[in-house]
Amino acid sequence: MSMREAVDLFGDRASDRLDEVGELPVGSGALDLTIFAEGDLDGGMAGGKLGYEHRVKEDLSIFGEGWAGWGYGDRGGFEYGALGGLRWRF
């Protein structure tokens, strides 16, 4: 994937998340924590995600999320990432 494709992909994901946050009542927000683990003797993975979203004002929405995971066996390796966004309508 090229840098341009990555920017477009993550930009689209951020825009979709900001659309969701824009539907929240003004002044409300949410904090989400998700963890998972799955696998068998040949390989598996475990990880988690922390996300925050807030509709600060009628014209201002924000969100941020970060994730990390570790795999073993045939799914070995460590991966991580983060995504955030701010939408200010004027």
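Here are the numbers for the structure shown:
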quantity	calculated
FRET E, pair residue 3, residue 35, Förster distance 30 Å, beta-carbon r, rounded to 0.05	0.45
Structure-derived semi-axes √(5λ) of the Cα gyration tensor in Å: which label, when the choices are (i) 28, 15, 11; (ii) 88, 7, 5; (iii) 31, 17, 8	(iii)
Candidates 13, 75, 55: whichever shows maximal mean-square fluctuation once the chain is modelled as a Gaussian network with Cα springs under 10 Å	75
Summed residue charge, Cβ within 11 Å of residue 49's Cβ, Lys/Arg positive, Asp/Glu negative	-2
Rounded tilt (10° steps) of 3-21 against the dominant C-alpha axis of the chain	60 degrees
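Quick note: the coordinates plus some simple rules give every number you see, no bench work behind them. Since we're looking at a predicted model, the values are computed, not measured. All Cβ positions, even for glycine, are placed from backbone atoms using ideal geometry, and neighbour counts span all protein chains on display.
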